[in-house]
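The values are calculated or read from the model by the stated rules, or taken from the named source; none is laboratory data. If you're wondering where the values come from, they're calculated on a predicted model, not measured in any experiment. All Cβ positions, even for glycine, are placed from backbone atoms using ideal geometry, and neighbour counts span all protein chains on display.
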Amino acid sequence: MNYHVLTLFPEMILEGMNTSIIGRAMAKGLLTLEAVNIRDYSVTGNGRIDDYPYGGGAGMVMQAEPVYRAYLSLTEKIGYVPRVVYLTPQGKVFNQEIAGELAQEKDLVFLCGHYEGIDERVLEAVATDFLSIGDYVLTGGELPAMVVMDAVSRMVPGVLSNQESGQYESFQDGLLEYPQYSRPEEWRGRKVPPVLLSGHHGNVACWRREQSLLRTLRVRPELLREAELDRKDLRYLEGLAQDPEMVLEKEKREFLIKLLAMKKKA
Ligand code: 6GU
């Protein structure tokens, strides 16, 4: 996978991506990363790349021509028309499925905006995808580009070791991860759940699955609608819905009862 980032802050991208698993994958040659400074393509000669918005309003807009010239410098090198991701809060919300799809590309170009955004005409001309990383506003597209590159890189063959690939497996089938524990057995009065010390693999797997279901129900109940649930999962959730000890708040119980009715019909 070859990443190309069009940005006003190339050092932010290069320094941010050069650590840990992604840094190791770049050293191995599984990933390459180049950052192109849009300012180097200023058309006024003085390094300016922004101007006032037509129609008035606050802030400045990045001009079309410097962005386009920076883009052309890339496509001439790449030799074909690549996918170009523009990072914007007006985009589609990025998720694991999109990460898997982007990971199939040979090259990915990320276009990072600043100020009040980029002249719409150059976006029409070059952008193929518009992505947001969530419902909040950031000062620029660099952090979102790094978020997307990190998530995509994990899906590129060879980037994760076998051990690392197992991680987050449970997010893949639509549930949140179960809790993890390491030594010591007791830390400041808090004990590791005994089942994890039992050595009984079947019971451990069962406990972890239940913890995933319980966490998902508590924190992200809407994920359960799409999650792959087998009969054993449904039986556990039935038990929670009927639990006289009221492990769940009333609202969660009602949600669960409706969900189970829906899953039974399906
Ligand atoms: Cl992609 N850009 C900016 N500026 N803010 C965001 C975002 C992107 N995604 C969420 N907030």
Taking interchain pairs and intrachain pairs at least six residues apart, which have beta carbon atoms under 6 angstrom, with the first residue in region 106-132 and within 12 Å of V67 (Cα to Cα) and the second away from the ligand (no atom under 11 Å from the Cβ) and among the polar types (S, T, N, Q)?
-> C112/T7; D119/Q63
From the list A127, A103, A151, which residue is closer than 20 Å to L33 by Cα, out of contact with any Phe, Trp or Tyr (no Cβ under 8 Å at 6 or more places or on another chain) and small (G, A, S)?
-> A103
Inspect all residues belonging to region 220-242 and state whether any of them is over 29 Å from E97 (Cβ atoms) and surrounded by 16 or more Cβ atoms within 10 Å (Cβ to Cβ).
-> yes
Residue satisfying condition, being loosely packed, with under 11 Cβ neighbours inside 10 Å and not aliphatic (A, V, I, L, M), within set E210, E251 | E251
Picked from region 33-51 (must be out of contact with any helix residue (DSSP H, G or I) (no Cβ under 7 Å at 6 or more places or on another chain) and within 17 Å of L6 (Cα to Cα)), the residue surrounded by the most Cβ atoms within 10 Å (Cβ to Cβ) is D50
Yes/no for L111 being at pLDDT 95 or above, in a strand (DSSP E or B) and either β-branched (V, I, T) or outside the structural domain of L214 (by TED's automatic domain parsing) (or both) | yes
L108 more than 8 Å from the ligand (Cβ to nearest atom), touching a strand residue (DSSP E or B) at 6+ places or on another chain (Cβ under 9 Å) and closer than 28 Å to S165 by Cβ = yes
Check on Q180, over 21 Å from the mean Cα position of the chain (by Cα), assigned to a loop (DSSP other than H, G, I, E, B) and not assigned by TED's automatic domain parsing to the domain that holds T32 = yes
Evaluate region 115-127: report whether one residue or more is assigned to a strand (DSSP E or B) and more than 19 Å from H4 (Cα to Cα).
-> no
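Conditions tested, residue by residue: (1) within 24 Å of L237 (Cβ to Cβ); (2) aromatic (F, W, Y); (3) at pLDDT below 95.
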| site | (1), (2), (3) |
| --- | --- |
| V147 | no, no, no |
| V152 | no, no, no |
| P157 | no, no, no |
| G174 | yes, no, yes |
| L196 | yes, no, no |
| G199 | no, no, no |
| G202 | yes, no, no |
